[in-house]
Amino acid sequence: MGRKSPYPEEFRNDAVALYRAAGGKRTYAAVAADVGVTGETLRSWVRQADEQAGRDHGRGEPAGENRDEELVRLRAENGRLRKAEKEWELEREILRRAAAYFAKEMK
(Lines give C-alpha, C1' and ligand atoms only; values in the text may rest on other atoms or scores of the structure.)
Protein backbone atom coordinates (compact mmCIF):
# COMPACT_ATOMS: atom_id res chain seq x y z
CA MET A 1 0.00 0.00 0.00
CA GLY A 2 2.39 2.83 0.81
CA ARG A 3 3.74 4.48 3.84
CA LYS A 4 1.48 5.87 6.54
CA SER A 5 0.64 9.53 6.19
CA PRO A 6 2.30 11.85 8.70
CA TYR A 7 -0.94 13.83 8.85
CA PRO A 8 -3.77 12.73 11.16
CA GLU A 9 -7.01 11.64 9.49
CA GLU A 10 -8.91 14.53 11.11
CA PHE A 11 -6.46 17.02 9.56
CA ARG A 12 -6.87 15.41 6.13
CA ASN A 13 -10.66 15.46 6.45
CA ASP A 14 -10.59 19.12 7.48
CA ALA A 15 -8.37 20.00 4.51
CA VAL A 16 -10.73 18.18 2.12
CA ALA A 17 -13.71 19.97 3.68
CA LEU A 18 -11.93 23.31 3.30
CA TYR A 19 -11.29 22.61 -0.39
CA ARG A 20 -14.89 21.58 -0.97
CA ALA A 21 -16.17 24.62 0.92
CA ALA A 22 -14.37 26.79 -1.63
CA GLY A 23 -16.82 25.41 -4.18
CA GLY A 24 -14.35 25.33 -7.06
CA LYS A 25 -13.42 28.99 -6.63
CA ARG A 26 -9.95 28.10 -5.36
CA THR A 27 -7.37 25.72 -6.74
CA TYR A 28 -5.93 22.71 -4.96
CA ALA A 29 -2.64 24.59 -4.66
CA ALA A 30 -4.24 27.66 -3.06
CA VAL A 31 -6.12 25.68 -0.44
CA ALA A 32 -3.12 23.39 0.13
CA ALA A 33 -0.90 26.40 0.78
CA ASP A 34 -3.34 27.55 3.46
CA VAL A 35 -3.11 24.24 5.31
CA GLY A 36 0.60 23.67 4.69
CA VAL A 37 0.66 20.74 2.25
CA THR A 38 1.30 20.41 -1.46
CA GLY A 39 -1.45 20.71 -4.03
CA GLU A 40 -0.91 17.12 -5.18
CA THR A 41 -1.24 15.86 -1.61
CA LEU A 42 -4.56 17.66 -1.19
CA ARG A 43 -5.71 16.41 -4.60
CA SER A 44 -5.00 12.81 -3.57
CA TRP A 45 -6.86 13.31 -0.27
CA VAL A 46 -9.90 14.65 -2.13
CA ARG A 47 -9.74 11.73 -4.58
CA GLN A 48 -9.52 9.25 -1.68
CA ALA A 49 -12.45 10.91 0.07
CA ASP A 50 -14.51 10.72 -3.14
CA GLU A 51 -13.67 7.04 -3.53
CA GLN A 52 -14.58 6.40 0.10
CA ALA A 53 -17.87 8.27 -0.33
CA GLY A 54 -18.60 6.14 -3.39
CA ARG A 55 -17.99 2.96 -1.42
CA ASP A 56 -20.13 4.22 1.47
CA HIS A 57 -22.84 5.30 -0.94
CA GLY A 58 -23.03 1.77 -2.33
CA ARG A 59 -24.22 0.56 1.05
CA GLY A 60 -27.15 2.99 1.15
CA GLU A 61 -29.85 3.65 -1.41
CA PRO A 62 -29.19 2.99 -5.11
CA ALA A 63 -27.25 5.62 -7.02
CA GLY A 64 -30.04 5.96 -9.59
CA GLU A 65 -32.41 7.45 -7.03
CA ASN A 66 -29.89 10.08 -5.98
CA ARG A 67 -29.21 10.93 -9.61
CA ASP A 68 -32.93 11.36 -10.24
CA GLU A 69 -33.25 13.62 -7.21
CA GLU A 70 -30.23 15.61 -8.31
CA LEU A 71 -31.62 15.89 -11.83
CA VAL A 72 -34.91 17.28 -10.48
CA ARG A 73 -33.00 19.72 -8.27
CA LEU A 74 -30.76 20.86 -11.12
CA ARG A 75 -33.70 21.34 -13.48
CA ALA A 76 -35.47 23.48 -10.88
CA GLU A 77 -32.30 25.51 -10.34
CA ASN A 78 -31.89 25.89 -14.10
CA GLY A 79 -35.45 27.23 -14.34
CA ARG A 80 -34.81 29.76 -11.56
CA LEU A 81 -31.60 30.90 -13.22
CA ARG A 82 -33.27 31.32 -16.61
CA LYS A 83 -36.02 33.42 -14.99
CA ALA A 84 -33.42 35.55 -13.20
CA GLU A 85 -31.50 35.97 -16.47
CA LYS A 86 -34.62 37.34 -18.18
CA GLU A 87 -35.13 39.79 -15.31
CA TRP A 88 -31.50 40.91 -15.57
CA GLU A 89 -31.85 41.43 -19.31
CA LEU A 90 -34.87 43.68 -18.67
CA GLU A 91 -32.96 45.63 -16.01
CA ARG A 92 -29.99 46.09 -18.36
CA GLU A 93 -32.29 47.35 -21.12
CA ILE A 94 -33.88 49.86 -18.75
CA LEU A 95 -30.44 51.06 -17.66
CA ARG A 96 -29.28 51.36 -21.29
CA ARG A 97 -32.29 53.48 -22.14
CA ALA A 98 -31.84 55.63 -19.04
CA ALA A 99 -28.17 56.16 -19.86
CA ALA A 100 -29.05 57.17 -23.42
CA TYR A 101 -31.75 59.56 -22.15
CA PHE A 102 -29.43 61.24 -19.67
CA ALA A 103 -26.63 61.42 -22.24
CA LYS A 104 -28.98 63.37 -24.53
CA GLU A 105 -29.97 65.66 -21.64
CA MET A 106 -26.31 66.45 -20.93
CA LYS A 107 -25.68 67.71 -24.49
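The table below lists the values:
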quantity: Test: residue 37 is of a type in the set (A, V, I, L, M, F, W, C), in a helix (DSSP H, G or I) and either in contact with a strand residue (DSSP E or B) (Cβ under 7 Å, 6 or more places away or on another chain) or at pLDDT 90 or above (or both); calculated: no
quantity: Residues of the stretch 18-34 that turn out to be loosely packed, with under 12 Cβ neighbours inside 10 Å and assigned to a helix (DSSP H, G or I), as a count; calculated: 1
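The values are calculated or read from the model by the stated rules, or taken from the named source; none is laboratory data. This one's a predicted model, so the numbers in the text were calculated from it and none came from an experiment. Please note: Cβ atoms are built from the backbone with ideal geometry, for glycine as well, and neighbour counts cover all protein chains shown.
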